[in-house]
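Structure first, then comments.
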Amino acid sequence: MHDTFSGKQDPTIVLVANPNTYRAKSFSRAADRLGLNILWAIDIPEKLASAWNMSLSIDFSQHDESVATLVEIANNNHVIAILAIDDSATLIAADTCKLLGLPHNSPSAAVAARDKFIMRQSLLSGKVLSPKFMSFQHTINPEEIVEQISYPCVLKPLLLNGSRGVIRANNPMEFKKAWHRIRNILGKSVGTHIMVEDYIPGNEVAVEALISDLGIKILAIFDKPDPLIGPFFEETIYVTPSRLPQEDQLAIENTLISAARALGLRFGPIHAEFRLNEDGVWPIEIAGRTIGGLCSNILSFDSQISLEELVLLQASGSSIDEFDADDRSKGVMMIPIPKRGILRKITGIEQAKSVPGIDDIEITAKLHYPLRPLPEGDGYLGFIFAYGQSPSEVEKALRESHSLLQFHIESEIMLEPTK
């Protein structure tokens, strides 16, 4: 992971991230291209940070201590911005920026964009289309609430992302099974509550945007051509520009503006997910960060500026209004993990890369390491990137390329069984 921090009084942007973030290389490349000095603040033990040649380690679980450390760094250096790269760091960054007077979302907005229950409460108060929802302590016996629920419903841990732990239940029996499964996940992660909300049917899209005092700048609307109907909600293909009618795209933009206002988001990147049906546009998620994984690799703007460069430019006080996305059709496939086991071998990569329209394939899963699919897992096998004359052509290339990849996954009896 790149780090240019040297203690000089050059303007510095602090990037706060998890050690397993997918986006470190992209932001480091962006900083290099722009000639910006960056400091990585990583959620790893201090000894490990020293071994990895990291300038700063913080412990996300120690919120006040992390904020104090970042404030001290900023007071001793010319820090002009502090950005959270992952959801788990947004509140730390917001609280630090508030103390330092740096531009950022307020702490309350960071919480609203992080906690799914508070998000739903904020959206409902802001008169944004919302399903019926409730939140329960995960230790409760599901038998006590199973009759209170409307079906089909979706169960969601409040603080996990990437669809981890999100499960659809169509009846009381499925609800109880999903509840126990999520409770096991929470025992190994963060959070103590499970939200239950009515299932929202319809087509799903993702939106990438930047927000400032001047308003919201939509950078991309991605179609998700694969149906996301459950029981798990594994995302695969994103394609842009959207094939939706302009009327629907305008409705999405207006809903994003209303949702951001309801949550209090006012600065920086926004990644949002929406569902569209005959009743309108329904927010699924509004996050105060950039798109996850390596999906941003397909986005480029004037002068081949990347999404990460736009984010850093805005954070450093530069105007980003003049930058527009290129007009190529493009897409990315997040390669799903098909089953639990140990990844032993990958074949077909060269053939998959040779499919017309495929720009690159990046395998991120490591050989001889265990794999866990959703809802327990939180990663992908890799990413396929494509460009073409039309969104349909891009989607076809992604599917053909994926069909040529073979992942040899060996069952591992020593892996902890799913309950």
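Bear in mind these aren't lab numbers, they're just calculated from the coordinates by the rules spelled out. No experiment lies behind these values; they were computed from the predicted model shown. Don't worry about glycine lacking a Cβ; one is built from the backbone with ideal geometry, like all the others, and counts go over all protein chains shown.
Compared with the direct C-alpha span, the chain from Q62 to Q148 gains 27.3 nm at full extension, assuming 0.36 nm per residue.
If you take the charge dipole of the chain about its Cα centre, with +1 on Lys and Arg Cβ and -1 on Asp and Glu Cβ, which of T139, T290, L214 is farthest toward its positive end? Positive-most Cα among the choices belongs to T139.
A Förster distance of 51 Å, applied to the separation of the beta-carbon atoms of I342 and N171, puts the FRET efficiency at 0.90. Shown is the FRET efficiency for R243 and N76, computed with R0 = 41 Å from the Cβ-Cβ distance and rounded to the nearest 0.05: 0.20. Taking 0.36 nm per residue of sequence separation and removing the Cα-Cα distance, the N254/E412 pair yields an extension gain of 52.0 nm.
For I409, I270, the sequence from fewest to most other C-beta atoms within 10 Å is I409, I270. In the list [x] 21.7, 69; [y] 31.1, 124; [z] 21.2, 62, the label attached to Rg and Dmax of the Cα atoms in Å as derived from the coordinates here is [z].
Determine the shape class of the stretch 251-334: with a ≥ b ≥ c the square roots of the Cα gyration tensor eigenvalues, call it rounded for a/c under 1.5, and otherwise prolate if a/b is greater than b/c, oblate otherwise. Judged from the Cα gyration tensor, the stretch 251-334 comes out oblate (a/c at least 1.5, b/c at or above a/b).
Oblate is the label for the stretch 56-146, because the ratio a/c of its alpha-carbon gyration tensor axes (a ≥ b ≥ c) is 1.5 or higher and a/b is not greater than b/c. The distance between label points at S390 and L367 comes to 4.1 nm (points 7 Å beyond Cα on the Cα→Cβ vector).
Computed from the Cβ-Cβ distance with R0 of 22 Å, the FRET efficiency linking K132 to N277 stands at 0.90.
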